[in-house]
Each structure stands twice: as C-alpha cells, then as structure tokens.
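See structure below.
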Amino acid sequence: MGRIRWGWVAVAALPAVFIGYFFIYPVARILGLGLAELNIGASGLDARLLRIAGFTLWQATLSTILTLLAAAPLTWAVSTYEFRGRRLATALITVPFVLPTVVVGTAFVSLGFGDSIWAILAAHVFFNTAVVVRTVSTLWSRIDPHLEEAARVLGATSWEVFRRVTLPLLKPAVAAAASIVFLFTFTSFGVVLILGGFEYATLEVEIYRQAVTLFDLPLAAALAIVQLVGVTGALYAYSRYQERKAVTWTLERTSNRRAPSGAARALVALSVLATIGALSIPLLALVTRSFSGEFYRRLFESDPVVGRPISAVGNSLLFAFIAMGIATVVGVMAAAVITGRRGSLSRWFDLTLMLPLGTSAVTIGFGFIVALGWPVDLRASLWLIPIAHALVAVPFVVRSTLPTLRSIPAETREAASVLGASPSRVWREIDLPIVSRAALVGAAFAFVVSLGEFGATSFVARPNTQTIPTMIFRLLGRPGETSFGMAMAMAVVLAVLTAGIVMWIDRAQVGDIGRF
Amino acid sequence: MALALVLAACSGGASEESPQTITLMAHDSFAGGVTSATFASFTQETGVEVKVIAAGDAGLLVNQAILTKDNPLADVLFGVDDTFLSRALDEEIFLIHKAKDINRVAPGLVDRKHRVTPIDFGDVCINYDKSWFESTKLVVPDDLDDLRANLYASHLTVEHPATSSPGLAFVLATIYEFGEEGWLDYWADLREAGVNVATDWNSAYYGDFSRYGGQSSMVVSYASSPPAEVIFAAEPTDTAPTGVIEAGCYRQVEYAGILAGTDYPEVAAKLVDFMLSVEFQERIPLAWFVFPANQDAELPQEFVDYAIVPEDPARFSASHIAENRDRWINEWIVVMEG
C-alpha cells in the first residue's frame, strides 16, 4: 500500500509544482499587494459592481446552455456516424475557437451585429461550439453499441434509447465541456468589450478597468477575489455532480461509428451543413476580404514597418508545440492522480488546476511580473509565453481525459495488480491505451489555445517576438487597405493552420492501438 | 536613494560598467514596429545591443513599470502619454535626464523638470470618407458645432473614452472647445442626433467607417491616417481617399524615461538621446505614423503631401488630466448611456 501512495506523490509532484509556482504563488502575491491597501468603506464596492457580478454569471450560464444546444446536432452526427468529411468537420469547427477576438469582432460589426447582448451570446456560441463537440464525441463514439442494441431489442424507441441509455453515459463528458465553456465565458473580455460596448461589462472587463485604466489595485484585487469565489463555487458544484454521475463501464478501444442510412443520412447532412454553415458566416466575410487584393503575396514580402509578416508563423508554431507538450504531460499526470484517489484532496487538486481558466488574465499577468523575478528572473522571458499558454491549456487536457479514465472499472486495475503488475505497468497496460485518444483531444486543444494566445500573455511584458495574433493586431492597428487585407489574409492563414494541424493531431498514431 | 541615483546619472561617473544589452520596455504598437535596423547605429556607436520588451497597451506599460519599480523589467521606458504620465511621475519611477537635443523640441512638448523626454506626437482628429461626401454632395463640416446636425452626427463614429486612447483624446478636445459648462450639452446633442460609439479604434475604423463598408462617413482617427491610406493602398495612388477635419483635434505626446532602478543609467541616457537624435526621429513617421518631436527631423514626402498638422490642437497638462479624467469619463458615460 505504501508503495502505491509514494507513487501517487511522485506523479502528483510535477502538476502540483507547476500550478503552485506559476499560478497560486503569483496570484497570491498580487492579491496580497492589492488587499493590503483595501479599504472596503472607501472603495466603490457598490450596486454597480453587484450588477456586473450578476450579469457575468447570467451571461455565462446562458452562453453555456446555448452552446450545448447549438453543438448537440453536430456532436450527435460525428459521434454516431462515419461519413466523408467527418474529420474535416471536427477540425473546421476549431477554427472559430482560435481566431483573435479583434478579427471576429470586426467581422460581426461589419455584418451589422454589435452593441447588443445577442451579439455577445452569438459570439460565445461561435467560439465555444468546438469545445462541446470535441469533448463529448470522444466519449460518445466509444460507447459499447451492445448497450443501445439491448435497449432497442427490449422495445425502446430511438429517442428512449438516447434518453435512458446514451445520455446518462454522456453526462460526465457533457458536464466537463460545460464547465470549460462556463469558465471561458465567465471571464470573457474581448468579445464583451468589442460587441457589448461598455454597458455590458463583465467582472473581467471591470478588473481590467480598475487595474489598468484607473490603477485601483485594491479594488481590482477585491473584484478578482469575487471572480475567484464565483468560479470556485461553480467548479465545486460541478465536481460534486461529476462524482455522483461517474458511471464505470467498459469503453470500447476503438470507435463504433457506423455508416448512416436512410433518414439518418439526411439528418447527418443537415446537422453538419447547418452547423458549419452558421459558423462560416463571419468567416466568409474575412475570406472574401483577404482575397480582394494581392494580400497573401505581401505576407511573404518585407514590410517596412512590420517586417515579413509570415515569419510570425514559425514563432507561433514553436510556442504552440512547447505549450502543448507541457500541458499534455502536466494534464495527463494530474488526471491520473485525480482518478487514482477519491476524496476531497483530489477534488481540490482537480479544482485548482481548473482555476487559471477562470481567473482574470490581468491578475495572472500582474502576478507574473511581481512574483517571478526570483530565483530565476522569468519575467519577460521567452519561456513565460508557452508556460502561460499551458496554464490555460491544462484544464482542457484534464477535462478531456478524466471522463475516460474514470470509466475504467477499478476491478480491472485491481485484477491486474493481483496478477502481479506494478502500478506503472497497470497504468501503461490498462489506462494509457484507453486514455491516449482522449489525451490527444486535449493536446489538440492545448495547441489551439496557444495558437490563439489565450491567457495572460497579452497582459504582460514579453520579449518582442511576433506571433500570428500579435501580427494581426499590429496590421489592424494602422489604416490602409493593404493593412486590413493583410490582417485578414493572416487570419485565414491562422485558420487553415489550425484546421490542418488539428486534423493531423486527430489522426496521430498512439501506442499499439493503431490509428483512431 | 532616488536622489543618489539621480546624482549618479548626472555626474557621469566612470564607475559604471558598460552592459552588453540594454532593455527598452514599450507598448505593443511601438515594439511591433522595431526592426533590426531601428537601433543598429546605436549598437554600432556604443557596442550595446537594445532588447525591446512589449508590455501591452500604454496603461499596462505604465502599471507594470510601477509594480516592478524596485526590480525593474527594463532600463528605459518608452510610450507613456499625457493621460498616464501623472501616475508614473507620482510614483517617481524615472531618473532626471536632460536629453542632448531637447532644445530642438517645441517648448510646449517638454517636461520642464526633464523627468521624461518627448519623442513623438500625434493629433487625434476626425477623418472623413471623401467618396461619401462627393456622392452625397454634402459639405465637409469645418467645426465641431456643425456635427450637432443629425445629418452629420448620425454618420460619425467615436471611440469610447474608457476603452480607447483616441476616444479619450476626442472627449478632451470637446472639453477644451466647449469648456466645463458646455461639453456635456454638446455630447447630449450628438447622442440625440445619433452618433455611434465604438469600443476601440480597430472596430471603429475597420468596422464602422464607410471606407471599409460601415455606416459612418466620419470616424475619430489620426491626422496621419491619410498618408497611411496612400502608403498602404491596394493599388498605387497619389490621392488620399480620406481627409482630416482640422477643427476639434487633440495632441497626444509620447515620452521616454530612464527607469530609476536601472544599473546602467549612463547607457540608458545615451539610448534616450539616440531616440531624440535626427537619425531615429526620421524613422518615426513611417514606422509608427506619428510625428517626430525633434524639429530638425525631415518628414517623408507622403507626410508632407497627405498629412495635416492642425494649427491649434487642444491639449491639457498631464496633472489636469489626472485630476479630472475619471470624473470626465463618468459624466460622459451618464450622458451617453444613462
């Protein structure tokens, strides 16, 4: 028994140090700095702030529900059926996720959307559909078809089978996806600013305003704590739910998609085309504009002001691969630790790993610069960029692997141990083959999170290295048709890269299982 | 402590070792325009490389410099403007340095105590879409009062002063023009007449401006935007498609300063001197689309032909802005959104 516990500690050490040094410590330092001067009576913690907190919660909840509904048809189609273009469809939907808000915002504004709550909700659905489709379909496609067949033989209709058999099995994955969408929209910044204007401030926007525009650090720290408490509460409720709903059953090692026939064919086609079509509307404006001049050629030429824009691609890819590596290793180890031991310690560990996704980027960014000067001065270091990206990406890896890991019955592992397998061998032979497919989904998200520059990097001093999003921002920051056209062309390059690399990761070979 | 450093910086003591690199922290838009040529001759003269750190927008830049005052991220900071200058000066993050060419700068731009050195300036002005005015045969408005008319206000996009630096500058221009007693009435009229408010410059210019398919034929931008429209036109052209309304402009000045915690105050001072030298100053217009502070610097032809330098732009002192900014923005919000 002691041996197993030490193994647990060893595996837990890396993710714990990572989250401790790069998240808890910096955030504690900056909040401490702010709170030291907080004077509740004199601060503006008034009705307006209550309203902002209420709006933040309300829009995040509504955005999450709408995203789940909007993603449902496509999730069903790509989980249940094998058809031409399935991989392409699941790769294409990740494109909105990675596009800089400033690009999508301009597209939405030029389409006549803007300054309304509907524009904010639509944009949240647009950005987050991929999270639901990809997280849920990983599990759904590998449900043992015999379960559903058995129900059907017993006389259940298709709808009853879905409601009574499939849906209960999917609940953990749906909840996992919902938790991520909730955190993303709870901390929404660019979308709310660009499409909602100032009237629809979220806590994230208000923290930025207090910390940066007004430099009221005490109030910003107080708000950051309100945000953290809200996020922690939501995550706690989620983890309790997850524990109650976790069902163990044997997942198939390979997916069980079948060819659609008859009416299903039409429904699949409709689901795919409608979802991709709706997500494409803002993208089409972008593609059209990128082709209205010789903008792609210019990306390869030296611009007197920004250099060769295309050179940003190399930097972005390098950061993204490093971030993906860090996030995947940390995330899979963390997931193994969390499944290895039930109980409150492991629940809080899980919850803490999710927090970076729900903490304002300004808080983390300012935390970095006050805390990471010692023992090695990591501030403004190149390493901080992939590390900051990985911080946001780890939750994706954990959330996409946990439902799968939890579905492995404890008896299977115990049987292997009884037969003399060491814990690491049990992990290698039983867990790893099953979890690797899910880990790849998480890895793909980690890659995309980094390509899109999520997290604190845009709020913190960094070396002057241009990435694709900073180059787009740079081009959009100056007037002129070619500036705009090149920015759009660059955004299309980002979109194509994203779709291509996600497809490539999706097809990767893993261990001895062969191709999925 | 601060005093000792000031003395060290001024005395030119020989004790300072020359570093291999010196670090300059700046806002993203400056950092993005730095190329290998930008500081090449500085490195040639001094043997010191310049490392540039991008620190977000102007507000983030100043706040990060304050937060790291005791253990600074850089030796020199560039990109603080009048709207954030007071905060930086109150925190005493800069060393005093009188730059070599400072007497070649218009006196109005200079900090009398030499805590910061002006490097460039830009004028925020309303730009208009020439083809829209030609096709509607409307006269281009020539003062802020003209804009009160529905016909014009409903075709104007401004940026929000709380989220956009040109947005705040334009609000300051209206306060300068109409005074404390009249500016809110002016905005009430604009609101009544249907003015459009965008969050930031990007969405105003590329989302709402009629030149890029939007609904507004006028947008708050810069006096140097027309030359950029010519230089970055899709097809070579010799006429700017946009024009500048010379009334209601606000002048923004950007400063550089030596960060008080630096280990190399002398080299840092040389870098500030270099940034005010004619060589560097002549790079400024085409790299960052603002005007050089040093009057000896010659403007590129595109700026001579298409840019406008308004005669009497509005300007407030940094301390006046610091005292009133939050109140102004809140009052503006009440009128525009209340």
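The values are calculated or read from the model by the stated rules, or taken from the named source; none is laboratory data. Since the structure is predicted, the reported quantities are computational estimates derived from the model, not experimental observations. Cβ: placed from backbone, ideal geometry, glycine included. Neighbour counts: every protein chain shown.
If you check B:G59 against the conditions, is it farther than 25 Å from A:S302 by Cα and either in contact (Cβ under 8 Å) with a residue 60 or more places away in the chain or within 7 Å of chain A (Cβ to nearest Cβ) (or both)? Step through it out loud before you land on a result.
Details: farther than 25 Å from A:S302 by Cα: yes; either in contact (Cβ under 8 Å) with a residue 60 or more places away in the chain or within 7 Å of chain A (Cβ to nearest Cβ) (or both): yes.
Answer is yes for this residue.
Using the structure shown, decide if A:L391 is surrounded by 14 or more Cβ atoms within 10 Å (Cβ to Cβ) and in contact with an Asp or Glu (Cβ under 8 Å, 6 or more places away or on another chain). Give the steps one after another, and end with the answer.
Details: surrounded by 14 or more Cβ atoms within 10 Å (Cβ to Cβ): yes; in contact with an Asp or Glu (Cβ under 8 Å, 6 or more places away or on another chain): no.
Considered against the rule, which asks whether it is surrounded by 14 or more Cβ atoms within 10 Å (Cβ to Cβ) and in contact with an Asp or Glu (Cβ under 8 Å, 6 or more places away or on another chain), A:L391 comes out as no.
List pairs: first residue in segment A:205-216 and more than 9 Å from chain B (Cβ to nearest Cβ) and closer than 21 Å to A:T185 by Cβ, second residue part of a helix (DSSP H, G or I) and of a type in the set (S, T, Y) anywhere in the structure, Cβ distance under 8 angstrom, at least six positions apart or on different chains.
Close Cβ pairs satisfying both conditions: A:I207/A:T363.
Scan segment A:282-316 for residues that are surrounded by 14 or more Cβ atoms within 10 Å (Cβ to Cβ) and part of a helix (DSSP H, G or I) and report the count.
Here the count works out to 16.
Does A:E429 count as part of a helix (DSSP H, G or I), at pLDDT 80 or above and not aliphatic (A, V, I, L, M)? First the steps, then the outcome.
Details: part of a helix (DSSP H, G or I): yes; at pLDDT 80 or above: yes; not aliphatic (A, V, I, L, M): yes.
Yes; evaluated as a whole, the condition is true for this residue.
Among the residues of segment B:207-232, what is the count of those that are over 19 Å from B:D123 (Cβ atoms), at the interface with another protein chain (Cβ under 9 Å from one of its Cβ atoms) and assigned to a helix (DSSP H, G or I)?
Quick first cut of segment B:207-232, residues over 19 Å from B:D123 (Cβ atoms) only: B:207-208, B:210-217, B:232.
Retained after the next criterion (residues that are at the interface with another protein chain (Cβ under 9 Å from one of its Cβ atoms)): B:207-208, B:211-215, B:232.
Still in the running and assigned to a helix (DSSP H, G or I): B:207-208, B:211-212.
Residues that pass the stated criteria total 4.
Please state which one of B:D305, B:D296 is over 22 Å from B:V272 (Cα atoms), more than 14 Å from every other protein chain (Cβ to nearest Cβ), among the acidic types (D, E) and surrounded by fewer than 18 Cβ atoms within 10 Å (Cβ to Cβ). Walk me through it before giving the result.
Numbers: B:D296 fails: over 22 Å from B:V272 (Cα atoms).
Being over 22 Å from B:V272 (Cα atoms), more than 14 Å from every other protein chain (Cβ to nearest Cβ), among the acidic types (D, E) and surrounded by fewer than 18 Cβ atoms within 10 Å (Cβ to Cβ) holds for just one of B:D305, B:D296, which is B:D305.
Within segment B:177-202, work out how many residues are part of a helix (DSSP H, G or I), within 14 Å of another protein chain (Cβ to nearest Cβ) and under 24 Å from B:R251 (Cβ atoms). It would help to see each step written out before you state the result.
From segment B:177-202, those part of a helix (DSSP H, G or I) are B:177-192, B:201-202; that's our starting set.
Of the ones still in play, those that are also within 14 Å of another protein chain (Cβ to nearest Cβ) are B:191, B:201-202.
Imposing the further condition that a residue be under 24 Å from B:R251 (Cβ atoms) reduces the set to B:201-202.
Result for segment B:177-202: 2.
Go through segment B:141-172 and give me each residue that's assigned to a loop (DSSP other than H, G, I, E, B) and under 17 Å from B:A193 (Cβ atoms).
Just the residues of segment B:141-172 that are assigned to a loop (DSSP other than H, G, I, E, B), to begin with: B:141-143, B:149, B:154-155, B:160-164.
Those that are assigned to a loop (DSSP other than H, G, I, E, B) and under 17 Å from B:A193 (Cβ atoms): B:P141, B:D143, B:A149, B:S154, B:H155.
Going through A:T101, A:T80, A:T75, A:T94 one at a time, which residue ends up being within 18 Å of the chain's Cα centre (by Cα) and more than 25 Å from A:T288 (Cα to Cα)? Can you show your working first?
Numbers: A:T101 fails: more than 25 Å from A:T288 (Cα to Cα); A:T80 fails: within 18 Å of the chain's Cα centre (by Cα); A:T94 fails: more than 25 Å from A:T288 (Cα to Cα).
None of the other options fit; the residue is A:T75.
Check whether at least one residue in segment A:106-124 is within 13 Å of another protein chain (Cβ to nearest Cβ), without any contact (Cβ under 8 Å) to a residue 60 or more places away in the chain and not acidic (D, E), and report yes or no.
Yes - at least one qualifying residue is present in segment A:106-124.
Go through A:F454, A:F473, A:F445, A:F396 for me and flag whichever is within 14 Å of chain B (Cβ to nearest Cβ), touching a residue at least 12 places away in the same chain (Cβ under 8 Å) and closer than 30 Å to A:L494 by Cα. Outline the logic, then answer.
On the way: A:F454 fails: within 14 Å of chain B (Cβ to nearest Cβ); A:F445 fails: within 14 Å of chain B (Cβ to nearest Cβ); A:F396 fails: within 14 Å of chain B (Cβ to nearest Cβ).
Of A:F454, A:F473, A:F445, A:F396, the one residue that is within 14 Å of chain B (Cβ to nearest Cβ), touching a residue at least 12 places away in the same chain (Cβ under 8 Å) and closer than 30 Å to A:L494 by Cα is A:F473.
Could you go through segment B:153-169 and let me know if any residue there is on the phi < 0 side of the Ramachandran plot, more than 25 Å from the chain's Cα centre (by Cα) and among the hydrophobic types (A, V, I, L, M, F, W, C).
Filtering segment B:153-169 for residues on the phi < 0 side of the Ramachandran plot gives B:153-169.
Applying the additional criterion that residues be more than 25 Å from the chain's Cα centre (by Cα) yields B:153-155.
Checking which are among the hydrophobic types (A, V, I, L, M, F, W, C) leaves us with B:153.
Scanning segment B:153-169 turns up at least one residue that is on the phi < 0 side of the Ramachandran plot, more than 25 Å from the chain's Cα centre (by Cα) and among the hydrophobic types (A, V, I, L, M, F, W, C).
Among the residues of segment A:417-465, write down those that are closer than 27 Å to A:R341 by Cα, small (G, A, S) and in contact with a strand residue (DSSP E or B) (Cβ under 7 Å, 6 or more places away or on another chain).
A:S436
Among what's in segment B:62-76 and is surrounded by fewer than 20 Cβ atoms within 10 Å (Cβ to Cβ) and among the charged types (D, E, K, R), pick the residue that is farthest from B:V116 (Cα to Cα).
Step by step, filter segment B:62-76, then rank; the result is B:D70.
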